[in-house]
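**Q** Mind having a look at this structure? Questions to follow.
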Amino acid sequence: MSGRLRAAAPVFLVVLSSILLGACSGDAAPEGPVAQPVTVVTLSAEAVTLTRELPARTNPYLIAEVRPQVSGIVQKRLFTEGSLVKAGQPLYQLDDATYRAEYASAVATLARAEATLTAARSNATRTAELAKVDAVSKQDYESATAALLQAEADVKLAQANARASRVTLDYARIVSPISGYVGKSVVTQGALVTANQAAPLATVQQLDPIYVDATASSAELLALRRELAAGTLTSAANSVPVTIVLEDGSIYQHGGKLTFADVTVDPGTGTFLLRVLVPNPDRILMPGMYVRAVISVGIRRNGLLVPQQSIVRDPKGRTTAMVVGADDKVELREVQVSRTVGDKWLVDGGLAVGDRVIVEGLQKIRPGAPVQASEAQS
């Protein structure tokens, strides 16, 4: 029995030592939570140009539908489809034999009227000289004077008829009303066309410059006007050009200029028209193309921008951000953001200049936890 006691003695000593060590360690002060390293961005005020990307369609700067002003058979088409034509350049030649004959008749009538006028003028001059010496009666003098006036009127009428006939003859040669690119021809040689017909023979469009027509919400316009009236936003419509984004996402090389804002809101869509004038020397923009117009709506002089990854939205729709306080502990801030500017949010409230917003390390922290903050590299 005494042998068993001697064998258990070392085990007892080991257990006793463990108990004593545990009691000693319990007397030491517990260590605090470890400060987690995080990356922050210190907010500073800057001038922020606010833009709005709007859906838009391209429209020609000028467009003219070519229609005949006289009736006739098309003798010849005088242009190449899709080519550039100048204002006044002939496009079609109609059969003008009838109009030439009418013009020749009008010219002959004018010549006869002028001959009659010459004779009436000579007769009136002689009669006036004879009337001075009472060689003719007063009635003969008045008749000669009236004949002269009638001959002058006949000449003016004949001149007007000749000019009208010439205009009609010229209309048989159909010309382009504007400079631009002409589309396909609807008629061919030998087709009969009529004056002022509904269907155009061809369409000419001026494409340089070109219009980009965008649509904007009337609600956004009201919000913009409120910000301008409050002084938080400065108008920048005249200083910042409009950028055009093409269908493939690329940026069009030429900037546009906002030239017109419609004064009427479409009751069906609640939008109004914005017209942008854009240079188009290479004809990259074609009528009917879908593009997006990035239009500057104003400048916020003391704007605050925070990286998008620092803003969290909870299930209730509130937006929050983690901020490092003066004691190097995490604070949860409820913030208000309105729009994105590039890869950042524009802050409307909840943050101020000098706040250190956490952008990296958010998964390892909670409000009230100590952190070791380091500034993010630009």
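The values are calculated or read from the model by the stated rules, or taken from the named source; none is laboratory data. All of these numbers come straight from a predicted model, not from anything done at the bench. Please note: Cβ atoms are built from the backbone with ideal geometry, for glycine as well, and neighbour counts cover all protein chains shown.
**Q** Could you list, in sequence order, the residues of the stretch 101-138 that are among the acidic types (Asp, Glu) and either in contact with a Pro (Cβ under 7 Å, 6 or more places away or on another chain) or touching a residue at least 12 places away in the same chain (Cβ under 8 Å) (or both)? Step through it out loud before you land on a result.
**A** Kept after step one, since they are among the acidic types (Asp, Glu), are these residues of the stretch 101-138: 102, 114, 129, 134.
Those that are among the acidic types (Asp, Glu) and either in contact with a Pro (Cβ under 7 Å, 6 or more places away or on another chain) or touching a residue at least 12 places away in the same chain (Cβ under 8 Å) (or both): GLU102, GLU114.
**Q** If you take the residues of the stretch 284-325 that are β-branched (Val, Ile, Thr) and more than 30 Å from GLU375 (Cβ to Cβ), which of them is surrounded by the fewest Cβ atoms within 10 Å (Cβ to Cβ)?
**A** ILE284
**Q** Here's something else I'd like to know. Taking the stretch 252-283, which residues are among the charged types (D, E, K, R) and crowded, with 16+ Cβ neighbours inside 10 Å?
**A** ARG275
**Q** In addition: Listed residues LEU192, LEU169; which is surrounded by 15 or more Cβ atoms within 10 Å (Cβ to Cβ) and either at pLDDT 95 or above or out of contact with any Lys or Arg (no Cβ under 8 Å at 6 or more places or on another chain) (or both)? Give the steps one after another, and end with the answer.
**A** Working: LEU192 fails: surrounded by 15 or more Cβ atoms within 10 Å (Cβ to Cβ).
Just a single option satisfies the conditions, and that option is LEU169.
**Q** Answer yes or no: is there a residue in the stretch 275-297 that is part of a loop (DSSP other than H, G, I, E, B), touching a residue at least 24 places away in the same chain (Cβ under 8 Å), on the phi > 0 side of the Ramachandran plot and not charged (D, E, K, R).
**A** Within the stretch 275-297 (the criterion being part of a loop (DSSP other than H, G, I, E, B), touching a residue at least 24 places away in the same chain (Cβ under 8 Å), on the phi > 0 side of the Ramachandran plot and not charged (D, E, K, R)), the answer is yes, since at least one residue qualifies.
**Q** Still on this structure, please answer the following. Output the residue which, of all residues in the stretch 162-188 that are free of Cβ contacts under 8 Å to residues at least 24 places away in the same chain and among the charged types (D, E, K, R), is farthest from VAL204 (Cα to Cα). If you could, list the steps in order and put the result at the bottom.
**A** To start, the set of residues in the stretch 162-188 that are free of Cβ contacts under 8 Å to residues at least 24 places away in the same chain comprises 163, 167, 170, 186.
Of the ones still in play, those that are also among the charged types (D, E, K, R) are 163, 170.
Details: ARG163: 28, ASP170: 20 Å.
Once the filter is applied, the top-ranked residue is ARG163.
**Q** Counting residues that are under 30 Å from VAL357 (Cβ atoms), which strands (runs of 3 or more DSSP E) fully inside the stretch 38-138 reach at least 1? Spell out how you get there, then give the answer.
**A** Details: elements: 46-66, 72-77, 90-94.
Hits in the stretch 38-138: 46-66.
**Q** Out of everything in the stretch 326-351 that is within 23 Å of ALA223 (Cα to Cα) and hydrophobic (A, V, I, L, M, F, W, C), what residue ends up being surrounded by the fewest Cβ atoms within 10 Å (Cβ to Cβ)?
**A** The extreme case among them is VAL341.
**Q** Further question: Within the stretch 298-318, can you find the residues that are in contact (Cβ under 8 Å) with a residue 12 or more places away in the chain and more than 18 Å from ARG366 (Cβ to Cβ)?
**A** GLY298, ILE299, ARG300, ARG301, ASN302, GLY303, LEU304, LEU305, VAL306, PRO307, GLN308 - these are the residues of the stretch 298-318 that are in contact (Cβ under 8 Å) with a residue 12 or more places away in the chain and more than 18 Å from ARG366 (Cβ to Cβ).
**Q** If you don't mind, another one. Return yes when LEU148 is modelled with pLDDT of 95 or more, surrounded by 15 or more Cβ atoms within 10 Å (Cβ to Cβ), among the hydrophobic types (A, V, I, L, M, F, W, C) and not in a strand (DSSP E or B) and no when it is not. Reasoning before the result, please.
**A** Values: modelled with pLDDT of 95 or more: no; surrounded by 15 or more Cβ atoms within 10 Å (Cβ to Cβ): yes; among the hydrophobic types (A, V, I, L, M, F, W, C): yes; not in a strand (DSSP E or B): yes.
Here the answer is no, as LEU148 does not meet what is asked.
**Q** If you take the residues of the stretch 352-368 that are crowded, with 16+ Cβ neighbours inside 10 Å and assigned to a loop (DSSP other than H, G, I, E, B), which of them is farthest from the chain's Cα centre (by Cα)?
**A** Of everything passing the filter in the stretch 352-368, ILE365 is farthest from the chain's Cα centre (by Cα).
**Q** Determine, yes or no, whether VAL359 is at pLDDT 90 or above and of a type in the set (Val, Ile, Thr). If you could, list the steps in order and put the result at the bottom.
**A** Numbers: at pLDDT 90 or above: no; of a type in the set (Val, Ile, Thr): yes.
Spelling it out, it is not the case that VAL359 is at pLDDT 90 or above and of a type in the set (Val, Ile, Thr).
**Q** Out of the residues in the stretch 219-261 that are of a type in the set (S, T, N, Q) and modelled with pLDDT under 80, state the one that is farthest from the chain's Cα centre (by Cα). Steps first, answer last, please.
**A** Going residue by residue through the stretch 219-261, those that are of a type in the set (S, T, N, Q) are 232, 234-235, 238-239, 243, 250, 253, 259.
This time we only want the ones that are modelled with pLDDT under 80, so: 232, 234-235, 238-239.
Working: THR232: 25, THR234: 21, SER235: 18, ASN238: 14, SER239: 16 Å.
Restricting to residues being of a type in the set (S, T, N, Q) and modelled with pLDDT under 80, the top hit is THR232.
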